[in-house]
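The structure under discussion appears below in the form of structure tokens.
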Amino acid sequence: MKSRFSTSEILYPTGLALLALLVFMYIFNPKIDINGDNCYYYAFATALAAGEGYVDIAGEPSALFPPGYPLLMAPLRFITDSIVAQKVMNMLLLFSATLLLYYTLLRVEVKRSLAFIACAAVLVTPHLLEFSTMMMSEASCIFFISLSIWAYVKIDEAMSAVGTIPWRSLWLWVFVLSVAYAFFIRTQAVVLLAAFLGTLLLARRFKLALLLLSVFVLCWLPWALRNSALELGQSRYVSQIYFSNVLDNFLMLTVQAIPESIIPFMPVKYALSPSPLLYVAAVVMLALIVYGFLKMKSLRLLLPLFLAGNIAIVSIMNTPSFYRYMVIVLPFITAGIVVGLWNALSLASMRWLKCSVNPWFMLLLFLPLLSMAEDKTKHTMQGLHEVAREGYPPSLKTFVAIGKEVAKMPDANIVASRKPELLFVHAGVRGKRLQEKTTEVDIINHMLDEDIDYVVLENMGVRYTYEVLYPFIQHRQDLFKLVKYTSEPMSILFKFKKNEALQWVKSRGYRE
């Protein structure tokens with residue numbers, strides 16, 4: 001009996017799976033990252049799993065991040081509190097996205113071996129791996145972007161065959177819902193909606209564009225109404241829109257961030273002005289990316305619009321964060337440059353050498369990965385490996401130790417610190433962030449407004465802690481009781497005397 005699948009149909013996906021397994025094992029970091037965002041995602045997922053709703057580490061309704069990623073985390077969080085389990089899920093989402101990209105490339109007539117090489121390049125891209133092992137939202141967003149593009153290709157094929165929208169097709173609804181859900185994971189993914197709408201309008205597929213926009217609005221309305229009813233305000237990303245540095249941000253993204261993201265061994269110093277050679281390299285790389293997109297049949301409009309939209313939206317932000325906000329488009333521009341480079345080489349070879357170029361020649365691009373030096377900034381796989389093997393710094397260990405002590409106290413409802421999200425993840429302590437107030441009255445009023453019970457002073461290099469807050473508490477020992485402290489590096493726990501503090505501010509006429 002003839003086999004249903006050819007050897008190559010099984011071999012290439014298996015090869016990608018083995019590569020992913022080896023890479024993930026090499027760079028996997030079981031620790032929670034000390035940046036705050038991944039802790040907040042975990043806290044939101046914890047609240048959802050406990051049936052508390054979408055509330056923050058203080059138990060209050062929040063719109064800090066859209067709910068898409070915590071919703072994905074919640075079922076697993078209901079089963080286990082393991083951070084490792086969440087990170088494994090993230091890695092599986094990245095691999096699934098890469099596999100979807102592989103099959104999408106096949107559908108748009110990219111050679112099977114070339115599609116494999118492009119996706120292998122995605123799986124060894126350090127910036128993608130960095131955010132995937134940090135329990136951040138990028139991997140899940142990339143998955144739904146890949147799913148929406150895969151579904152769109154399927155719909156495009158059906159529409160080309162029958163000349164009308166396949167209303168009963170499952171892929172139609174996978175397409176529109178995936179676009180909407182990507183936005184609920186990362187607000188930045190609104191550019192995916194814009195890219196699809198632009199593509200459909202240019203192709204005169206007005207009904208499908210209207211359906212996509214309608215479903216998106218219907219999905220967005222409950223979230224918008226909920227935030228309005230709770231007076232939670234607009235997305236924090238709206239406040240980051242800032243048009244004064246558009247040109248500088250644009251050049252940083254196109255000349256520095258994109259080249260350094262695709263080719264991690266390319267030396268790029270963001271603090272310095274790009275060299276003329278880097279400008280030339282960036283122009284060549286962008287040309288190859290666009291050329292690769294143009295070779296992808298039904299994606300020749302979508303992917304350039306998606307890339308341009310990401311560059312545009314990040315360029316108008318006042319905190320573009322170097323390469324961070326390009327991560328969700330990184331798998332597609334990596335595939336674009338691989339496909340574009342091979343097609344450019346094949347064109348040149350056929351013209352001058354009268355022969356084609358074997359796609360496997362592209363494997364030479366991976367050789368520099370074998371000689372890349374360790375980089376503790378996590379810009380290489382070796383750097384990711386070393387960071388994963390390191391322990392927490394002593395200052396964080398003592399901070400967490402204090403958190404575990406305060407967690408045992410029955411009256412510790414709200415604990416203030418400079419890193420409350422870390423205390424929540426490591427010790428289950430609900431808390432709020434201490435704002436950088438400078439006057440005695442402002443500091444006390446802030447603590448009263450937030451109903452603070454305890455204050456933790458950490459020793460993690462935050463200037464406000466040792467320049468303002470600690471001297472203030474020393475000066476106002478009548479309002480703070482020393483409860484516990486750790487040995488060097490020191491972290492200190494104080495009980496905030498709310499009644500005495502209230503009387504103190506009232507006596508000065510600053511509170512009713």
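On the basis of being open to solvent by 50 Å² or more (accessible area, probe 1.4 Å), under 25 Å from W342 (Cβ atoms) and either at pLDDT below 95 or not in a loop (DSSP other than H, G, I, E, B) (or both), does A282 make the cut? When the stated conditions are applied, A282 does not pass them. Could you please find all residues in the stretch 50-66 being under 14 Å from D37 (Cβ atoms) and open to solvent by 20 Å² or more (accessible area, probe 1.4 Å)? D56, L64 - these are the residues of the stretch 50-66 that are under 14 Å from D37 (Cβ atoms) and open to solvent by 20 Å² or more (accessible area, probe 1.4 Å). Taking the conditions exactly as written (touching a residue at least 60 places away in the same chain (Cβ under 8 Å), more than 27 Å from the chain's Cα centre (by Cα) and open to solvent by 10 Å² or more (accessible area, probe 1.4 Å)), does R168 satisfy them or not? The answer is no for R168. Note on the stretch 23-58: residues that are on the phi > 0 side of the Ramachandran plot and part of a helix (DSSP H, G or I) amount to 0. Among residues of the stretch 268-284 that are without any contact (Cβ under 8 Å) to a residue 60 or more places away in the chain, those with a Cβ under 9 angstrom from a residue that is aromatic (F, W, Y) and open to solvent by 100 Å² or more (accessible area, probe 1.4 Å), sequence gap 6+ or separate chain, pair up as Y270/F322. Out of the residues in the stretch 294-322 meeting the condition of being within 29 Å of E157 (Cα to Cα) and of a type in the set (G, A, S), tell me which one is most open to solvent (accessible area, probe 1.4 Å). Once the filter is applied, the top-ranked residue is A308. Evaluate the stretch 368-386: report whether one residue or more is in a loop (DSSP other than H, G, I, E, B), open to solvent by less than 90 Å² (accessible area, probe 1.4 Å) and modelled with pLDDT of 85 or more. No, the stretch 368-386 contains no residue that is in a loop (DSSP other than H, G, I, E, B), open to solvent by less than 90 Å² (accessible area, probe 1.4 Å) and modelled with pLDDT of 85 or more. For the stretch 96-113, a tally of residues being modelled with pLDDT of 95 or more and either open to solvent by less than 10 Å² (accessible area, probe 1.4 Å) or within 19 Å of F366 (Cα to Cα) (or both) returns 5.
Within the set Y325, Y291, the sole residue that is closer than 23 Å to A120 by Cα, touching a strand residue (DSSP E or B) at 6+ places or on another chain (Cβ under 8 Å), in a helix (DSSP H, G or I) and open to solvent by 10 Å² or more (accessible area, probe 1.4 Å) turns out to be Y325. Among the residues making up the stretch 441-484, those that are basic (K, R) and over 16 Å from L502 (Cα atoms) are R463, K484. Scanning the stretch 83-95 for residues that are without any contact (Cβ under 8 Å) to a residue 60 or more places away in the chain, farther than 23 Å from F332 by Cα and open to solvent by less than 40 Å² (accessible area, probe 1.4 Å) yields A85, Q86. Cβ separations smaller than 8 Å between residues 6+ apart or across chains give the following pairs from the stretch 332-353 residues that are over 17 Å from S146 (Cβ atoms) to residues that are among the hydroxyl-bearing types (S, T, Y) and in a helix (DSSP H, G or I): G340/Y291; N343/Y291; A344/Y291.
Residues are listed down the side, and each one gets a yes or a no for (1) of a type outside the set (G, A, S); (2) over 22 Å from A407 (Cα atoms); (3) in contact (Cβ under 8 Å) with a residue 12 or more places away in the chain; (4) touching a Phe, Trp or Tyr at 6+ places or on another chain (Cβ under 9 Å):
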{"site": "K432", "(1), (2), (3), (4)": "yes, no, yes, no"}
{"site": "V441", "(1), (2), (3), (4)": "yes, yes, yes, yes"}
{"site": "M447", "(1), (2), (3), (4)": "yes, no, yes, yes"}
{"site": "V462", "(1), (2), (3), (4)": "yes, yes, yes, no"}
{"site": "P471", "(1), (2), (3), (4)": "yes, yes, no, no"}
{"site": "F480", "(1), (2), (3), (4)": "yes, no, yes, yes"}
{"site": "I492", "(1), (2), (3), (4)": "yes, no, yes, yes"}
{"site": "K497", "(1), (2), (3), (4)": "yes, no, yes, yes"}
{"site": "E500", "(1), (2), (3), (4)": "yes, yes, yes, no"}
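Within the stretch 253-278, restricting attention to residues that are exposed (fewer than 14 other Cβ atoms within 10 Å of the Cβ) and more than 18 Å from M381 (Cα to Cα), the residue that is nearest to the chain's Cα centre (by Cα) is Y270. None of I289, I313, I337 is farther than 23 Å from K111 by Cβ and at pLDDT 85 or above except I313.
Results for (1) of a type in the set (A, V, I, L, M); (2) open to solvent by 10 Å² or more (accessible area, probe 1.4 Å); (3) free of Cβ contacts under 8 Å to residues at least 12 places away in the same chain; (4) more than 29 Å from V338 (Cβ to Cβ), shown as yes or no for each residue.
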residue	(1), (2), (3), (4)
L128	yes, no, no, no
M135	yes, no, no, no
C141	no, no, no, no
V153	yes, no, no, no
Y181	no, yes, no, no
F184	no, yes, no, yes
L192	yes, no, no, no
A209	yes, no, no, yes
S214	no, yes, yes, yes
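Every condition in (1) touching a helix residue (DSSP H, G or I) at 6+ places or on another chain (Cβ under 9 Å); (2) open to solvent by 80 Å² or more (accessible area, probe 1.4 Å) is met by Q503 except one, and the failing one is (1). Of the residues making up the stretch 24-46, those that are more than 24 Å from M460 (Cβ to Cβ) and either in contact (Cβ under 8 Å) with a residue 60 or more places away in the chain or surrounded by 20 or more Cβ atoms within 10 Å (Cβ to Cβ) (or both) are F24, Y26, I27, F28, A45. If we scan the stretch 75-82, do we find a residue that is open to solvent by 60 Å² or more (accessible area, probe 1.4 Å) and in contact with a Ser or Thr (Cβ under 9 Å, 6 or more places away or on another chain)? Among the residues of the stretch 75-82, at least one is open to solvent by 60 Å² or more (accessible area, probe 1.4 Å) and in contact with a Ser or Thr (Cβ under 9 Å, 6 or more places away or on another chain), which makes the answer yes. Being assigned to a strand (DSSP E or B) and either surrounded by 14 or more Cβ atoms within 10 Å (Cβ to Cβ) or aromatic (F, W, Y) (or both) is the filter here, so list the residues in the stretch 461-496 that pass it. If the condition is that a residue be assigned to a strand (DSSP E or B) and either surrounded by 14 or more Cβ atoms within 10 Å (Cβ to Cβ) or aromatic (F, W, Y) (or both), then F480, V483, K484, Y485, I492, L493, F494, K495, F496 are the ones that fit.
The values are calculated or read from the model by the stated rules, or taken from the named source; none is laboratory data. Values in this document were obtained by computation on a predicted structure and should not be read as measured data. Heads up, the Cβs are rebuilt from the backbone with ideal geometry, glycines too, and the neighbour counts pull from every protein chain shown. These area figures cover heavy atoms from the full protein model, side chains too; ligands, DNA and RNA do not enter into them. Shrake-Rupley method; radii C 1.70, N 1.55, O 1.52, S 1.80 Å.
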